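Working notes, beginning with the structure itself.
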């Protein structure tokens, strides 16, 4: 991740919005750790900016289940009017990423692209 951030050329500041970066039972947040690795002069993580109100577990669930049980994100107004990179640890169906994109746009943020560590 750090190499990616260092090699990516951007002309303006991009704000990183990690998806649901609350510390879990395991004592850390996957997305917060990833965001910290992207931090550099033109990348600024905004922690706790995209938090799921619905803590449903998607692992092993179908697309139909995921669409019926949305994350219902709470989005920080600190991202309003800002160019944002959405960050998640894994992407399976894209439902979380699409919901995050729509939630950010609803408060006036400008999602530029998304980054995930892995796909299934």
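Just to be sure, is residue 94 free of Cβ contacts under 8 Å to residues at least 24 places away in the same chain and more than 13 Å from the chain's Cα centre (by Cα)?
Numbers: free of Cβ contacts under 8 Å to residues at least 24 places away in the same chain: yes; more than 13 Å from the chain's Cα centre (by Cα): no.
When the stated conditions are applied, residue 94 does not pass them.
Being surrounded by fewer than 18 Cβ atoms within 10 Å (Cβ to Cβ), touching a residue at least 60 places away in the same chain (Cβ under 8 Å) and out of contact with any helix residue (DSSP H, G or I) (no Cβ under 7 Å at 6 or more places or on another chain) is the requirement here; does residue 112 meet it?
Considered against the rule, which asks whether it is surrounded by fewer than 18 Cβ atoms within 10 Å (Cβ to Cβ), touching a residue at least 60 places away in the same chain (Cβ under 8 Å) and out of contact with any helix residue (DSSP H, G or I) (no Cβ under 7 Å at 6 or more places or on another chain), residue 112 comes out as yes.
Return the residues of segment 31-47 that are in contact (Cβ under 8 Å) with a residue 12 or more places away in the chain, part of a helix (DSSP H, G or I) and either touching a helix residue (DSSP H, G or I) at 6+ places or on another chain (Cβ under 8 Å) or more than 10 Å from residue 87 (Cβ to Cβ) (or both); say none if nothing qualifies.
Across segment 31-47, the qualifying residues are 37, 38.
Collect the residues in segment 1-20 that are within 16 Å of residue 84 (Cα to Cα), at pLDDT below 85, in contact with a helix residue (DSSP H, G or I) (Cβ under 8 Å, 6 or more places away or on another chain) and part of a loop (DSSP other than H, G, I, E, B), keeping them in residue-number order.
none
Every residue in segment 63-83 that is in a loop (DSSP other than H, G, I, E, B), at negative phi and more than 13 Å from the chain's Cα centre (by Cα), please.
69, 70, 80, 82
Only one of these conditions is not met by residue 52: (1) in contact with a strand residue (DSSP E or B) (Cβ under 9 Å, 6 or more places away or on another chain); (2) over 19 Å from residue 90 (Cα atoms); (3) surrounded by 12 or more Cβ atoms within 10 Å (Cβ to Cβ). Which number is it?
Unmet condition: (2).
Tell me which residues, restricted to segment 90-109, are farther than 16 Å from residue 56 by Cα and touching a helix residue (DSSP H, G or I) at 6+ places or on another chain (Cβ under 7 Å).
Those that are farther than 16 Å from residue 56 by Cα and touching a helix residue (DSSP H, G or I) at 6+ places or on another chain (Cβ under 7 Å): 104, 107, 109.
Is it the case, given these coordinates, that residue 60 is at pLDDT 95 or above and in a loop (DSSP other than H, G, I, E, B)?
For residue 60, the condition - at pLDDT 95 or above and in a loop (DSSP other than H, G, I, E, B) - is not met.
The values are calculated or read from the model by the stated rules, or taken from the named source; none is laboratory data. Everything quoted here is computed from the prediction, not taken from an experiment. Here the Cβ is made from the backbone with ideal geometry for all residues, glycine too, and neighbour counts use every protein chain on show.
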